[in-house]
Every structure is written in structure tokens, then in C-alpha cells.
1. I'm checking my understanding of the structure. Among residues of region 1-45 that are in contact with a Phe, Trp or Tyr (Cβ under 7 Å, 6 or more places away or on another chain) and not in a helix (DSSP H, G or I), which one is surrounded by the fewest Cβ atoms within 10 Å (Cβ to Cβ)?
2. Checking Thr53 against (1) in contact with a Leu (Cβ under 7 Å, 6 or more places away or on another chain); (2) free of Cβ contacts under 8 Å to residues at least 24 places away in the same chain; (3) β-branched (Val, Ile, Thr), which single condition isn't satisfied?
3. Could you give every pair whose Cβ atoms fall below 8 Å, whose first residue belongs to region 3-29 and is farther than 16 Å from Thr47 by Cβ and in contact (Cβ under 8 Å) with a residue 24 or more places away in the chain, and whose second residue is in a helix (DSSP H, G or I) and open to solvent by 60 Å² or more (accessible area, probe 1.4 Å), counting only separations of at least 6 or pairs across chains?
4. Can you give me the number of residues within region 46-61 that are under 15 Å from Ser5 (Cα atoms), open to solvent by less than 70 Å² (accessible area, probe 1.4 Å) and assigned to a strand (DSSP E or B)?
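The values are calculated or read from the model by the stated rules, or taken from the named source; none is laboratory data. Remember, it's a predicted structure, so these values are computed and weren't measured experimentally. Heads up, the Cβs are rebuilt from the backbone with ideal geometry, glycines too, and the neighbour counts pull from every protein chain shown. SASA here: full protein model, heavy atoms, side chains in, ligands and nucleic acids out. Shrake-Rupley method; radii C 1.70, N 1.55, O 1.52, S 1.80 Å.
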Amino acid sequence: MLIRSEAPADLVRLDQWWRDTLANPQQADQLQQWREQGLITLSLVATDDMGSTLGHIAVVDAQSEDNAQLIAVWFS
């Protein structure tokens, strides 16, 4: 298993993985929005020797409406 930083070439594969493999299109949409807004501060991908996705973790650093600092970690 290889754990590495997310690369631009991973974006389509990760989106498809969240939607199909995990059957979670809402989280895929949310991750895409955060990515477009530049809110993901760390994104790691776990792959097997053939390059298939085994896991993904995304860390989002944001502020709430009352200026509280929030950190969200999404993984699977």
C-alpha cells in the first residue's frame, strides 16, 4: 500500500470512488465544493500496487459563522 498526497490526476478517480464504491454522492459533492473553494488543507490517497484507490482522507480548515475555527476530517 502506498499513502501519498492527492494529485490533480486523482480528482476524477476519487470523485468516482466516493460516488460508486462508497455510494455516497452527497459527500463527493461536498468534497468537490471544498476543493473548488480551496478549503482542503490536506488530502491523502491510499492506493494498492496497481494504483487502485483503497482509501482517502481530506482535512478541511474553515471558520463557522460565529468565527469559531473548525476542522473537518473526512475519511474512508
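1. As a first pass, look at region 1-45 and keep what is in contact with a Phe, Trp or Tyr (Cβ under 7 Å, 6 or more places away or on another chain): 24, 27-28, 31, 40.
Checking the rest, the ones that are also not in a helix (DSSP H, G or I) come to 24, 40.
Working: Asn24: 16, Ile40: 18.
For region 1-45, the residue satisfying everything is Asn24.
2. So Thr53 meets the others, but not (2).
3. none
4. So the count comes out to 9.
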